[in-house]
Amino acid sequence: MSDSQTTRVMEQAAGNPFQNALAQLDAVADVMGLDDGIRAELRTCQHELTVNFPVQMDSGTRRMFKGYRCQHNNALGPYKGGIRYHPDVSLDEVKALAMWMTWKCSVVGLPYGGGKGGIIVNPKELSVTELESMTRRYASEISPIIGPWKDVPAPDVNTTGQIMAWIMDTYSREQGNLTPGVITGKPLSLFGSEGRFEATGRGILYVGQEACPYKGMPLDGATVAVQGFGNAGTVAACLLETAGARVVAASDTSGGIYNAKGIDAGALTRFKREGGRVAESGVGDAITNAELLTLPVDVLVPAAFEGQITEKNAGDVKARIILEAANGPISPEADEILNDAGAFIVPDILASSGGVIVSYFEWVQNINGMYWDEEEVNQRLHKIITKSFRRVTEVAEQRRLPMRKAAYVVAVQRVVDAIEARGIYP
Ligand code: NAD
């Protein structure tokens with residue numbers, strides 16, 4: 001079975017991602033006593049666009065592709081959320097990710113709603129020319145519903161700064177105006193922001209620096225396992241290591257490695273970025289992805305995909321603190337098992353918000369035409385994510401809730417307040 005099939009089977013075992021997103025919302029709606037009308041509105045994506053389009057392949061043949069752009073809620077501001085290229089993309093996955101974006105933007109106080117997009121494709125099977133043609137046609141297909149004050153996409157799994165640059169260029173040419181604020185995660189050479197590439201991993205560091213002392217554990221010397229050594233995972237591992245933590249395990253689709261003495265996260269990142277695979281790095285003992293999740297570590301950082309910790313393996317997870325870098329890595333059933341066992345989970349909507357926070361900074365800089373240095377970006381990121389962490393812990397303490405529910409209470413309440421203040425048009 002391929003890694004992608006393994007991931008899919010785990011996701012199916014964990015249930016449909018949109019059903020998981022609804023279950024999380026329902027649980028918090030009960031705690032908040034939301035009325036049925038608002039609840040129904042929040043359970044629904046405002047727009048779900050499916051696009052089917054042809055691309056000219058290098059061989060001269062035409063190939064059809066299917067893509068999506070879902071917009072969950074824009075009460076707080078323009079829809080915001082990434083675009084994913086993956087063979088397993090589905091409408092329900094995109095809807096779930098769009099809803100999670102609404103809560104993620106809201107919990108950290110950004111003036112954005114939630115959206116998400118994707119194309120069903122394995123981009124590694126395309127040439128650069130085919131990738132560019134597919135991206136530009138997808139951008140053109142969704143262009144009527146995106147824009148700096150409508151919907152602002154960004155990178156997600158398998159999409160890069162170059163892909164964002166093609167989307168910005170396509171949109172700008174169709175509009176007849178240079179519009180850098182239509183998309184974020186652009187390269188620095190084309191209206192990108194300093195610090196954007198590292199932002200999600202840096203956000204994990206900042207929540208780790210809050211979560212460890214909050215639980216009475218110094219980050220200095222804490223042992224860390226990182227599942228998914230990609231963009232978010234590598235940066236988080238390197239920064240946590242710099243802050244004194246000991247990264248003892250890492251994994252990617254090739255499998256994992258474990259070294260109780262600590263692996264050199266910086267060296268493993270360089271090996272990975274030069275095309276190496278974690279399992280072939282030789283810096284520790286070979287372990288499976290499943291084994292990584294149940295290692296006796298202080299901090300676990302799931303940074304791969306959704307649905308990795310389910311009711312089947314949650315009972316075996318030993319980490320005291322879990323920082324969710326990936327979106328939706330823990331199923332609702334697993335969440336309960338982990339909470340009952342006393343694990344402290346910093347939920348995805350808070351822990352992995354660094355990327356969207358710096359995306360917001362990029363958009364602000366694009367709209368104003370003034371650019372900040374990396375120090376300013378990192379200081380502003382630290383301020384927002386730290387303040388949000390403290391607000392969520394306050395609500396968790398006041399209402400005796402686990403962190404995920406407390407984060408949802410903060411996030412959903414802001415959206416509900418905006419919906420009520422706007423009223424219903426017409
Ligand atoms: P990426 O493609 O750069 O990295 C994903 C990594 O996970 C790859 O190394 C891949 O080999 C590995 N992987 C895949 N399946 C795995 C499995 N079953 N076990 C172990 N490793 C596996 O993607 P990314 O941008 O780092 O995103 C990772 C997660 O973080 C996603 O859930 C994404 O939605 C979320 N996220 C990313 C950002 C961002 O700015 N990059 C922001 C917020 C959330």
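The values are calculated or read from the model by the stated rules, or taken from the named source; none is laboratory data. Note that the structure is predicted; figures quoted are calculated from it, not measured. Note that we place each Cβ from the backbone using ideal geometry, even for glycine, and neighbour counts take in every protein chain shown. Accessible surface areas use protein heavy atoms only, side chains included; no ligands, DNA or RNA. Shrake-Rupley method; radii C 1.70, N 1.55, O 1.52, S 1.80 Å.
With springs only between Cα atoms under 10 Å, which of Met99, Met403, Met32 fluctuates most in a Gaussian network model of the chain? So, out of Met99, Met403, Met32, the one fluctuating most is Met32.
For Gly82, the amide hydrogen comes within under 5 Å of the amide hydrogens of Gly117, Ala154, counting only partners 5 or more places away or on other chains and with H modelled in the peptide plane. Across all Cα pairs in segment 292-345, the calculated P(r) in 5 Å bins from zero up to the longest distance comes to 5, 24, 37, 29, 5 percent per bin. Over all other residues within a Cβ to Cβ distance under 11 Å of Val28, the charged ones net out to +2, with Lys and Arg as +1 and Asp and Glu as -1.
Using the alpha-carbon centroid of each, what span in Å lies between segment 179-257 and segment 117-159? So the two Cα centres are separated by 25 Å.
Provide, for segment 44-179, the number of lysine pairs with alpha carbons under 24 Å apart, each pair being eight or more places apart or on different chains. Going through segment 44-179 pair by pair, I get 16. Mind running the shape call on segment 99-167? Use the C-alpha gyration tensor, a ≥ b ≥ c as the square roots of the eigenvalues: rounded below 1.5 for a/c, prolate if a/b tops b/c, oblate otherwise. Because a/c hits 1.5 or more and a/b exceeds b/c, segment 99-167 counts as prolate. Between Val364 and Val128, the distance separating the two model label sites (each 7 Å from Cα on the Cα→Cβ line) works out to 3.5 nm.
Here the chain carries DSSP beta bridges of which approximately 50% are antiparallel, counting only pairs with both residues inside.
Please say if segment 189-237 is rounded, prolate or oblate, where rounded means a/c under 1.5 for a ≥ b ≥ c the square roots of the C-alpha gyration tensor eigenvalues, and otherwise the choice is prolate for a/b larger than b/c and oblate otherwise?
oblate
Sum up the charges of everything whose Cβ sits under 9 Å from the Cβ of Ala139, counting Lys and Arg as +1 and Asp and Glu as -1, but leave Ala139 out. Taking every other residue near Ala139 into account, the sum is -1. Using alpha-carbon positions, what is the distance between the centroids of segment 397-426 and segment 42-83, in Å? Answer, in whole Å: 27.
For segment 44-179, compute Rg over Rh where Rg is the Cα radius of gyration and Rh is the Kirkwood radius from the inverse mean 1/r over Cα pairs. Before the final figure, lay out each step's value.
Details: Rg = 14.4 Å, Rh = 14.9 Å.
Here Rg/Rh amounts to 0.97.
By DSSP, the beta bridges lying fully in segment 44-179 are antiparallel in about 65 percent of cases. For the chain, the calculated P(r), taken from all Cα-Cα distances in 10 Å bins from zero up to the bin holding the longest distance, is 5, 23, 34, 27, 10, 1, 0 percent.
Restricting the GluC sites (Glu not before Pro) of segment 224-326 to loop positions (DSSP other than H, G, I, E, B) with no more than 10 neighbouring Cβ atoms within 10 Å leaves Glu274. Here the convex hull built on the C-alpha positions of segment 345-394 has a volume of 70 cubic angstrom per residue.
Quick check: from the Cα gyration tensor, does segment 276-426 come out rounded (a/c under 1.5), prolate or oblate? Walk me through the numbers on the way to the answer.
Details: a/c = 2.22, a/b = 1.33, b/c = 1.67.
Because a/c hits 1.5 or more and a/b fails to exceed b/c, segment 276-426 counts as oblate.
If R0 is 35 Å, what FRET efficiency do you get for Met57 and Ile145 from their C-beta distance, rounded to 0.05?
It comes to 0.85.
The residues packed around Pro347, meaning those with a beta-carbon under 11 Å from its beta-carbon, carry a net charge of 0 if Lys and Arg are +1 and Asp and Glu are -1.
Taking all protein chains together and rolling a 1.4 Å probe, Ser140 ends up with roughly 40 Å² accessible. Gyration tensor analysis over the Cα atoms of segment 199-351 returns equivalent ellipsoid semi-axes of 21, 17, 14 Å (largest first, whole Å).
May I ask you to compute the full-extension gain from Arg273 to Lys215, defined as 0.36 nm times their residue separation minus their alpha-carbon distance, rounded to one decimal in nm?
Taking 0.36 nm per residue and subtracting the Cα distance, the gain is 17.5 nm.
Note on Val31/Lys318: beta-carbon distance plugged into 1/(1 + (r/R0)^6) with R0 of 30 Å gives a FRET efficiency of 0.60.
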